[in-house]
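The values are calculated or read from the model by the stated rules, or taken from the named source; none is laboratory data. All values reported here derive from a predicted model rather than from experimental measurement. Reconstructed Cβ throughout: ideal geometry from the backbone, glycine too, with neighbour counts over all protein chains shown. Note: areas computed on protein heavy atoms with side chains; ligands, DNA, RNA excluded. Shrake-Rupley method; radii C 1.70, N 1.55, O 1.52, S 1.80 Å.
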Amino acid sequence: MKILQQDLAYTFRRLSRSPGFALAVIISIGLGIAANATIFSMVSRFVLRPAPVGDPSSLLTLHTLHDGDRCCNSFPEPVFKDVRDQAKSFSGVAAYNELVPASIGGSGEPERVWGQAASTNFFDVLQIPMTLGRGFLQEEEQHQVIVLSHRLWQRRFASDPAIAGKAITLSGHPYTVVGVAPVGFRGIDLILDSEFWVPLGHVTDLVTNLEGRNSRDMHWLQVIARLKPRVSRNQAAAELGTLAQRLAIAYPATDKGNNFRFEQAGSLPPRDKSSILLFLAALSVVVLLVLCIACVNVANLLLAQTVGRQREMAVRLALGATRMRILRQMTLESVLLALGGGLFGVLLSLWATQALSAFRLPAPVPLDLTLSVDWRVLAYTFALSVGAGLFFGIAPAWAASRPMLSNALKGEDALARPGRKWTLRNTLIVTQIAMCVVLLSATGLFLRSLQQAANIDIGFRSNGVVSLQVDPRVNGYSAERTVQFLEDTCQRVAALPGVTSVVLTDSVPLNGGNRSDAFHALVKPKSSASIPDQPDPIVEMYMASPGYFETLGIPRLAGRDFSNESPTGPKVAIVNQIFAQKIFGTENPIGQSVVDGDTTYQIIGVVGNIKSRSLGEDLRPVLFRSLDQTVSSDPAFMGYTILVHSAANPTDVVASVRNQIRAADPSMAVYNIQTMQEHLRDAFFLPRLAATLFGVFGAIGLVLAAVGLYGVMSYSVSRRTREIGIRMALGAQVGAVQRLIVRQGMVLTLIAVAIGMPAAFALARLFTSVLYGVHNNDALTFTVVPIFLTAIALLACWLPARRAARVNPQIVLRCE
């Protein structure tokens, strides 16, 4: 311990005498640590963090499977009750519907909120302690009671400590508040941001499309279960398998072929798990490259400093110090510098996680994507800092503990070995530049992806259009009142100055997802009579009012637009080109009919193709239904979107539109207000996020590599001052001296590029699924990156070369 205290005291004295060097190391390592801490905060948030419940290890999410289907489904209500009543492996089984829309009144503007309908044992199974009040009681299944999220309680009710027992208005219905959930609890779904919970018995007060909720083939509930103590997961799986067989015998029409599976509650959704993990893995590899570049840079700095300390090391060895003592003391110095870099990195990552939390996914439901630096990130940062300190400190410490004493006494490079032209510093700089090639290639691919995404033809207008959403049904409106309200609102808004047109739809394209179903022609086209039957194509479905296509600038190619279609008349639809080609081939689709389940639509028009779900998708078949004919039979779950096309700045129209809606119904919540350009910016979430992250990491790596190469070349010039002076005294020209230095650095750069390019091609394969309009071996990227990096390296070599050419031979010879 005494020796450690002596080493610490000596290290702090040394660093205090060279604060510039210490600061350079801390900043270099801190940048690399910050990048890793930021990405690891994503891993902690989406992969490692357990569900915010009591004893999360014993809480499971259950899924139903059909005929071995790998996709995981929700539960029908009767199947949930079967598992709850018959499975003996669980101390409790609860269910909930994860998306329940509502309008909440009270003080201030009416507000659209999303919550969940849950079984009365939901909070008991979760083992959630309430901030105020309690959860549901078993006898409250049919009672109008509500639990508020902590955030909704603060925002909407000013943290009223007496809120429990008070009545609030939710979608026109009186609900009694019985509890307030703890801080940070928003449900156990990984990213959903739920703000209230009501009993399942009253879900139909808020969700109107649950006809047949008691059917065994209507999947609408998420199910969680808590394992009993001393019951293993294998035992639970075996019991669920037996239960599935028993239900298949009892209900062969609906349950035959069904099975159950489970996973840890609060984990990534099975459908998205592989793609999310791949994205996080790719980011983790990239930030580790950034840290490695920083470590190599610092290792070169330490090697250069070690040469300046060669006399000190020689004297210490001559006085009896052991090589192990020197090795330990210098390694300690490196670790302390790395810990300083780790602290700086944590401070940077606090800012970075806040900036990343501001990114918004294009989704119609509230999502919680906030990132934070939690204890897992701090522990990872500490371990990474210690590892980085050992990584960049061992080689310089090892070299310093074994100096050539004869060289040290003569003031020459004590680390140089006779006859060796390829030094450790050369190896480090080649490694650093090679990693920078890989990093810059990834950066180039994502910047190109963002550029190509901006050039994608989305098929509809983005300028001059603003969208607002309302949902009359959550205010208790009937289908007839909903239609009347929407028509009156459109007439009011259309009369506003500067408004060109006003139309209605259920969902704006590029909203991340929409209703879809399989369609086929009522009468098989003659042109496809000889073609073997293919699976019915999955079609995106939108509602639209008359004038929708003109408002969004979607070209109408054939047929007519919607007019005031009769709600009880034959169903009509307008389709896009891809739909017409897939269903009818070369035949004219106008006047023909297509079938979706039990519903038949007559096609009255064909319009141009649009991007429906995401920017990177292949064009999908799309069918537009008449909104007038659909409101009563198939109400929009997410509400209705009012699209306003204005000749003026659309944001100037928003206040007037809200006033008109408020005049029609003061209790109507208006939400998701944004211009179409803002909507498109949100749709660019993935390319913008990837380009931002890789752009920052690439810039950091480039600066570190350029500084590292400059430092090595400057050090080389300082060590070769005598040689350069003698060369110039013997007649060497300035240009020849400059070429000598530049050639040395460029040879290292070209070797590094040759090593880095194959590695960059290999890493690029991981990015195939998240690139837009760019192949993973994009020729432009893999041409520009080595040229650009070589140019930066040339500059980093030329600056020391210019200094070398200014050496005065007389001064050098006089020193000799």
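From the list 433, 458, 429, which residue is assigned to a loop (DSSP other than H, G, I, E, B) and of a type outside the set (Asp, Glu)? Explain how you work it out, then say what you get.
On the way: 433 fails: assigned to a loop (DSSP other than H, G, I, E, B); 429 fails: assigned to a loop (DSSP other than H, G, I, E, B).
None of the other options fit; the residue is 458.
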Requested in this report: Starting from the stretch 336-354, take each residue that is within 15 Å of residue 35 (Cβ to Cβ) and list its partners that are small (Gly, Ala, Ser) and outside any helix (DSSP H, G or I), counting only C-beta distances under 7 angstrom and pairs at least six apart or across chains.
Outcome: 353/372
Report task. Quick one: which helices (runs of 4 or more DSSP H) lie wholly within the stretch 627-693 and hold at least 2 residues that are on the phi > 0 side of the Ramachandran plot? Result -> none
Report task. Kindly check whether there is at least one residue in the stretch 37-51 that is open to solvent by 50 Å² or more (accessible area, probe 1.4 Å) and not in a helix (DSSP H, G or I). Result -> yes
Query raised in the report: Of the residues 646, 656, which single one is touching a residue at least 24 places away in the same chain (Cβ under 8 Å), out of contact with any Lys or Arg (no Cβ under 9 Å at 6 or more places or on another chain) and open to solvent by 20 Å² or more (accessible area, probe 1.4 Å)?
Result: 656
Report summary line: In the stretch 443-479, anything charged (D, E, K, R) and farther than 23 Å from residue 105 by Cα is listed as 448, 457, 461
Requested in this report: Specify the residue that is farthest from the chain's Cα centre (by Cα); the eligible residues are those in the stretch 533-553 that are part of a loop (DSSP other than H, G, I, E, B) and surrounded by fewer than 22 Cβ atoms within 10 Å (Cβ to Cβ).
Outcome: 533
Query raised in the report: Out of the stretch 2-25, which residues are surrounded by 14 or more Cβ atoms within 10 Å (Cβ to Cβ) and charged (D, E, K, R)?
Result: 7, 14
Query raised in the report: Does residue 357 fit the bill of being surrounded by fewer than 16 Cβ atoms within 10 Å (Cβ to Cβ) and of a type in the set (Gly, Ala, Ser)?
Result: yes
Report task. Kindly establish whether residue 358 is within 30 Å of residue 510 (Cα to Cα) and at pLDDT 70 or above. Result -> yes
Report summary line: Condition set open to solvent by 10 Å² or more (accessible area, probe 1.4 Å) and in contact with a Ser or Thr (Cβ under 6 Å, 6 or more places away or on another chain), scope the stretch 434-453, selection farthest from residue 696 (Cα to Cα): answer is 448
Requested in this report: Kindly list, by first and then second residue, each pair from a residue in the stretch 590-614 that is closer than 23 Å to residue 507 by Cβ to a residue that is of a type in the set (Phe, Trp, Tyr) and in a strand (DSSP E or B), limited to pairs with Cβ atoms under 6 Å and residues at least 6 apart or on different chains.
Outcome: 594/601
**Report entry** Test set (1) modelled with pLDDT of 75 or more; (2) surrounded by fewer than 19 Cβ atoms within 10 Å (Cβ to Cβ); (3) closer than 29 Å to residue 337 by Cβ - residue 283 fails condition number
**Finding:** (2)
Query - Residues located in the stretch 243-266, provided they are among the hydrophobic types (A, V, I, L, M, F, W, C), surrounded by 15 or more Cβ atoms within 10 Å (Cβ to Cβ) and over 22 Å from residue 60 (Cα atoms) - result: 248
Report task. Would you please list the contacts, defined by Cβ atoms under 7 Å and residues six or more apart or on different chains, that run from a residue in the stretch 210-231 that is hydroxyl-bearing (Ser, Thr, Tyr) and modelled with pLDDT under 90 to a residue that is crowded, with 18+ Cβ neighbours inside 10 Å and not in a strand (DSSP E or B)? Result -> 215/76
Query - Filtered residues of the stretch 185-216 (kept if more than 23 Å from residue 636 (Cβ to Cβ), of a type in the set (D, E, K, R) and open to solvent by 40 Å² or more (accessible area, probe 1.4 Å)) - result: 186
**Report entry** Residue match in the stretch 721-729 (condition: under 30 Å from residue 445 (Cα atoms), open to solvent by less than 50 Å² (accessible area, probe 1.4 Å) and at pLDDT below 85)
**Finding:** no
Report task. Only residues in the stretch 134-161 that are farther than 13 Å from residue 201 by Cα count as the first member; pair them with residues that are part of a loop (DSSP other than H, G, I, E, B) and open to solvent by 80 Å² or more (accessible area, probe 1.4 Å), Cβ under 9 angstrom, at least 6 apart or cross-chain, and list the lot. Result -> 147/134; 150/183; 151/183; 156/107; 157/107; 157/166; 158/107; 160/166
Query raised in the report: Scanning the stretch 603-626 for residues that are assigned to a strand (DSSP E or B), surrounded by 21 or more Cβ atoms within 10 Å (Cβ to Cβ) and not β-branched (Val, Ile, Thr), which turns out farthest from the chain's Cα centre (by Cα)?
Result: 626
Requested in this report: Examine the stretch 515-530 for a residue that is open to solvent by less than 30 Å² (accessible area, probe 1.4 Å) and either closer than 30 Å to residue 764 by Cα or within 37 Å of the chain's Cα centre (by Cα) (or both), and state whether such a residue exists.
Outcome: yes
Query raised in the report: Does any residue of the stretch 71-85 turn out to be outside any loop (DSSP other than H, G, I, E, B), modelled with pLDDT of 85 or more, basic (Lys, Arg) and open to solvent by less than 50 Å² (accessible area, probe 1.4 Å)?
Result: no
Query raised in the report: Residue check, residue 81 against (1) under 28 Å from residue 260 (Cβ atoms); (2) under 31 Å from the mean Cα position of the chain (by Cα); (3) of a type in the set (Lys, Arg), all met but one. Which one?
Result: (2)
